[in-house]
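These notes are about the structure you will find just below.
Any read-out appearing in this document is the output of simple, stated calculations on the displayed coordinates, not a laboratory observation. Because the structure is predicted, anything quoted here is derived from the model rather than measured. In this analysis, Cβ positions are derived from the backbone assuming ideal geometry, glycine residues included, and neighbour counts consider all displayed protein chains.
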Amino acid sequence: SELVGQYNCGEEEQDQHISIPVDDREYIAELGYLKANNDWLSLARSLPVRVPACPPEVPQSNIAATAARVITGAAAATTTFFSPRSQAPETSQIILVPRDCRSAYAYWEVPTADRAALGGQQLLLRLYEVITLDGEGLTVQTVGEYDCAAREQDKHVSIPIDDRDYVAELGYLTANNDWLSLARSLPVRVPPCPPNK
């Protein structure tokens, strides 16, 4: 492996936005301490993840990976991409990243135009369990719902049952209880819990 980036982390931080220099390659994230003598003390290393190739219209300099999240004893990373945070996305986007077998992390970006166009009453994050996933589409059932403040961009969610596929959806609930969807994540697999958990 070759080091392509290093980021300082606060003791209380649990996530970091990182840039991907070249698409269509595999990457690993590692968390650790750099000692006074410059020796590296590793705490946890993620599994390798494949960064997909960018579409031809996306400039190479605009690639950014989000939500590489380190958890105790392991690490999880996403291969869903947003534009750099300095550039507002054109459409609403959300990702869901498993932290462990009982929790996950949702991160989203919503353009002001999308918020204004829908004009919903209450911003909510819904967690769905995927019931079927095939060529015909996706069937889901709601297993969690979270109130979100207008300026929030992420949320920790509880996973009710491990070793299943889940989807996160961000949207507005109107005064007459209609659901106005802003964005839905791709399905992600939550890993099975160890036997003692």
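How far apart, in nanometres, would the label points at Cys9 and Val22 be if each is projected 7 angstrom from Cα along the Cα-to-Cβ direction?
For Cys9 paired with Val22, the spin-label model returns 2.5 nm.
If each of Arg189 and Thr112 carries a label point 7 Å out from its Cα toward its Cβ, how far apart are those two points in nm?
Once both label points are built, they end up 4.2 nm from each other.
Name the long-range amide H neighbours of Ile18: under 5 Å, sequence gap of 5 or more, or other chain; modelled H, no Pro or chain starts.
HN-HN under 5 Å from Ile18: Ala65, Ala67, Ala68.
Starting from the Cα of Ser103, step 7 Å along the direction of its Cβ; do the same at Asn196; then give the gap between the two resulting points in nm.
For Ser103 paired with Asn196, the spin-label model returns 2.0 nm.
Apply 1/(1 + (r/R0)^6) to the Cβ-Cβ distance of Thr91 and Ser1, taking R0 = 30 Å, and write down the FRET efficiency to the nearest 0.05. Could you put the intermediate results ahead of the total?
Numbers: r = 34 Å, r/R0 = 1.14.
E between Thr91 and Ser1, to the nearest 0.05, is 0.30.
Given R₀ = 22 Å, what would the calculated FRET efficiency be for Ser181 paired with Ile161, taking r from the Cβ atoms and rounding to 0.05? Don't jump to the answer; show the numbers that get you there.
On the way: r = 24 Å, r/R0 = 1.09.
Here the calculated transfer efficiency is 0.40.
Take peptides 143-156, 30-43 and line them up by average Cβ neighbours within 10 Å, highest first, as a rough protection proxy. Walk me through the numbers on the way to the answer.
Details: 143-156: 13.1, 30-43: 10.0.
Packing proxy ranking, top to bottom: 143-156, 30-43.
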